[in-house]
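A short write-up of the structure that comes next.
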Amino acid sequence: MRRVVYTTKAIESLHSRLRKIIKTRGHFPSNDAATKLLWLALRNITADWGRAAKEWRETINQSAVLYEERFTAPAQAGR
């Protein structure tokens, strides 16, 4: 459940991968070159993101059991 709910690991992973790509290049001839490299890196990194949603249904089910009161119908207005 934590793997799906907590996004810290995903953010740290993204930051780490971008830093690694920048570090291996050393310097860039222009800002456009750096921008293009980061854009290409983000495109490749986000291609893997479709797989993370597999556990979402399981997480919803576990949350419904643990926090049943939050998964009931919304309270009527005026109460």
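The values are calculated or read from the model by the stated rules, or taken from the named source; none is laboratory data. These numbers come from a predicted model, not from an experiment. All Cβ positions, glycine included, derive from the backbone under ideal geometry; neighbour counts span all protein chains shown.
May I ask you to verify whether A47 is out of contact with any helix residue (DSSP H, G or I) (no Cβ under 9 Å at 6 or more places or on another chain) and either modelled with pLDDT under 90 or not β-branched (V, I, T) (or both)? Here the answer is yes, as A47 does meet what is asked. Among the residues of region 17-38, which ones are without any contact (Cβ under 8 Å) to a residue 24 or more places away in the chain and surrounded by 10 or more Cβ atoms within 10 Å (Cβ to Cβ)? Selection gives R19, K20, I21, I22, R25, F28, A33, A34, T35, K36, L37, L38. Considering region 6-16, and only residues there that are exposed (fewer than 11 other Cβ atoms within 10 Å of the Cβ) and assigned to a helix (DSSP H, G or I), the residue that is modelled with the highest pLDDT turns out to be S16.
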